[in-house]
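Enquirer: First the structure, which I've put down as structure tokens, then a few questions once you've had a look.
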Amino acid sequence: MGAEGDIFGEVKRYHLTTFGCQMNEHDSERMKGMLESLGYTEAPERAEADLILFNTCSIRESADSRFIAHLGEAKRLKREQPGRVVGVGGCWAQSVKEEVFARFPFVDVAFGPGQVHKLAEFLTSDSLTAQGYFEFEGFTGHLPARRTRPFQGWLQISVGCNCACSYCIVPSTRGREVSRPLAELVAEVEAMSADGVREVTLLGQNVNSYGRDLRIDGRPASFSELLQAVDAIEGIERIRYTSPHPKDMREDVVRAHAELRSLCEHIHLPLQSGSSRILKAMRRTYDRQRYLDRVALIREHVPDVALTTDIIVGFPGESEEDFAETLEVVEEVRYDSAFTFIFSPRRGTSAAELTEGLVPHPVKVQRMERLLEAVQRHARERAQRFVGRTMEVLVEGPSRTDPERMRGRTRHNKVVNFSGLATPGELTQVRIDGASSQTLSGEESLLARVAG
Ligand code: SF4
């Protein structure tokens, strides 16, 4: 089943659909890089592919049903051309393992997030039977990457998570935390820079606990040490990272945002709930006051920082008072934006076993509406501080809302739609003349462009 010619003798083609988080986007870039190193090329449509792949997510029950709908089309295409290979990777595959084949007998290969490299083994083997690979070993970061944008790169700094948040399936689908050696990461970023990458995003389930399991001269490495090392690399203009945990947002990391030239003024600090009682039930290991202390520390060192967050409404046992505490924190912190979720039980998590104090769905929806109103109001108000300022923007491509304009991001991770001459991958200066809760708008400063 290698990449040599398909039944028509032409180069084999793959189609990959990615669901879920940035870690999956990263893993998919590696899967593509690996397949292309085997001689495959990408097919724009699933129906044109010899190899149909899915990189799945399992964070919420609903993720599964959306993916299953896509799998249905793969089944039809395989029936039309039995020589096609169907493969399922990612967290959902890891969460159900061999059950994939029992439920979907037309699937040829399944692999967990830690086994992407096994896909190559399967494709180059003469195996005629379906194969599943579900061990936690290896970093996809070791595989060649085919980047979505040549000037932006993902850097996988660790895999897995040692936390035990009661609603989260990740520890069981991605395993324990393992950090990649610091020197190896520095070498990878140097190669990325030589390759034209200007913005690098450090990836981990819990990035700011990086290095605890490593030893450098007998001591653990630290996340701020890694940030300093990446900041020192020629050609890297911007560093971002996701996802941090408030319990590990220490002063050295916060100071790095104030001191390092390329570390962006944006920090994502997931809150989840403003109620210490609910945070305890979620096993988040911090309470409301400790979270607010981190916010104060961040704003002390980086006053103009963009703060974003994640919030869950309707966690089992959440009373109206608990939810009011979440709104209080939103009013106090005034986030630049927030990802908001309605709690849904995820099979295989301890929160899914909870039966007391379940919040009726209409109440969850009503709380979500009140939360969204507050989040968007603050996001809109906070964004006004950029109007009238000239901001550095990394151009990503054409605007999604106006083909005459371009789109890019500020160091605060704010999307900007602007008119100008700059092209994707360029860093340019844009004078901001408008702001909504979601995006900024502006005009490229041609003076700055000429001055270069
Ligand atoms: S920190 Fe909690 S929510 Fe985040 S991946 Fe780990 S267990 Fe899941």
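Enquirer: Could you calculate the FRET efficiency of Lys247 with Phe339 from 1/(1 + (r/R0)^6), where r is the beta carbon distance between them and R0 is 25 Å, rounded to 0.05?
Expert: Details: r = 19 Å, r/R0 = 0.76.
According to the calculation, E is roughly 0.85.
Enquirer: Using a Cα-Cα cut-off of under 15 Å, which aspartates and glutamates could be cross-linked to Lys12, ignoring same-chain neighbours fewer than 8 residues away?
Expert: Cross-link targets: Glu4, Glu36, Glu42, Glu45, Glu48, Asp50.
Enquirer: Choose one of Asn206, Gln228, Ser166: the residue whose Cα lies farthest towards the positive end of the charge dipole of region 147-264 (beta-carbon charges +1 Lys, Arg; -1 Asp, Glu; about the Cα centre).
Expert: Ser166
Enquirer: Right, something else. Greater than 18 Å separation of Cα atoms is the criterion. Which listed pairs, Lys364/Lys414; Lys32/Lys118; Lys97/Lys118; Lys32/Lys75; Lys32/Lys414, meet it?
Expert: Numbers: Lys364/Lys414 29 Å; Lys32/Lys118 14 Å; Lys97/Lys118 14 Å; Lys32/Lys75 22 Å; Lys32/Lys414 29 Å.
Going by Cα-Cα distance, Lys364/Lys414; Lys32/Lys75; Lys32/Lys414 fall outside the 18 Å limit.
Enquirer: In square nanometres, what is one fourth of the surface area of the convex hull spanned by the alpha carbons of the chain?
Expert: On the way: hull surface 92.4 nm².
Spelled out: convex hull of the Cα atoms, projected over all directions, averaged, 23.1 nm².
Enquirer: Could you give the length gained by full extension between Ala232 and Glu332, i.e. 0.36 nm per residue of separation minus their alpha carbon distance, to one decimal place? Mind showing how you got there, number by number?
Expert: On the way: separation 100, 0.36 × 100 = 36.00 nm, distance 3.57 nm.
This chain segment gains 32.4 nm when fully extended.
Enquirer: Mind checking which lysines have their Cα closer than 19 Å to the Cα of Lys280? Skip sequence neighbours fewer than 8 apart in that chain.
Expert: In chain and number order, the partners are Lys247.
Enquirer: Follow-up question, since we're still on this one. State the answer as a single residue: which of Phe151, Ile312, Met34 lies farthest towards the positive end of the charge dipole of the chain, with beta carbon charges of +1 for Lys and Arg and -1 for Asp and Glu, about the Cα centre.
Expert: Value: Ile312.
Enquirer: I've got another one for you. As an exercise, use a Förster radius of 41 Å and the Cβ-Cβ distance of Gln289 and Arg400 to find the FRET efficiency, rounded to the nearest 0.05.
Expert: On the way: r = 40 Å, r/R0 = 0.98.
The formula returns an efficiency of 0.55 here.
Enquirer: Tell me whether region 210-255 comes out rounded, prolate or oblate; compute the Cα gyration tensor, take square roots of the eigenvalues as a ≥ b ≥ c, and use a/c under 1.5 as the rounded threshold.
Expert: Taking the square roots of the gyration eigenvalues as a ≥ b ≥ c, region 210-255 is oblate.
Enquirer: At 1.4 Å probe size, with every protein chain present, just tell me what the per residue accessible area of region 304-435 comes to in Å².
Expert: On the way: 5890 Å² over 132 residues.
Each residue of region 304-435 exposes 45 Å² on average to a 1.4 Å probe.
Enquirer: Could you tell me whether region 13-133 comes out rounded, prolate or oblate from its Cα gyration tensor? Rule is a ≥ b ≥ c as square roots of the eigenvalues, rounded for a/c under 1.5, then prolate if a/b exceeds b/c, otherwise oblate.
Expert: Details: a/c = 1.27, a/b = 1.12, b/c = 1.13.
In terms of gyration-tensor shape, rounded.
Enquirer: With a point put 7 Å past each Cα toward its Cβ, work out how far Glu80 is from Thr129 in nm, to one decimal.
Expert: Distance between the two pseudo-spin positions: 3.1 nm.
Enquirer: In Å, the Kirkwood hydrodynamic radius of region 333-452 over pairs of distinct alpha carbons?
Expert: Values: mean 1/r = 0.0600 Å⁻¹.
The answer is 16.7 Å.
Enquirer: Run the 1.4 Å probe and let me know the accessible area of Asp293, rounded to the nearest 10 Å².
Expert: 80
Enquirer: Thinking of region 123-264 as a set of Cα atoms, what percent of all their pairs are more than 26 Å apart? Mind showing how you got there, number by number?
Expert: On the way: 2949 of 10011 pairs.
Of the Cα pairs, 29 percent sit more than 26 Å apart.
Enquirer: In 5 Å bins starting at zero, report the fraction of Cα pairs in region 387-448 per bin as a rounded %.
Expert: Spelled out per bin, shortest first, that is 4, 23, 37, 26, 8, 1.
Enquirer: Which cysteines in the chain lack any other cysteine whose Cβ sits under 4.7 Å from their own Cβ?
Expert: Cys21, Cys57, Cys91, Cys161, Cys163, Cys264
Enquirer: If r is the Cβ-Cβ distance from Arg277 to Arg299 and R0 is 25 Å, what FRET efficiency results, to the nearest 0.05?
Expert: 0.45
Enquirer: If you count the DSSP beta bridges with both ends in the chain, what percent of them are antiparallel, to the nearest 5?
Expert: Working: 21 of 66 bridges.
Looking only at bridges with both residues in the chain, the antiparallel portion is about 30 percent.
The values are calculated or read from the model by the stated rules, or taken from the named source; none is laboratory data. What you are looking at is a predicted structure, and each value in this text was computed from that prediction instead of being measured. Please note: Cβ atoms are built from the backbone with ideal geometry, for glycine as well, and neighbour counts cover all protein chains shown. For the accessible areas, the whole protein counts, side chains as well, though only heavy atoms, and no ligand, DNA or RNA atoms are used. Shrake-Rupley method; radii C 1.70, N 1.55, O 1.52, S 1.80 Å.
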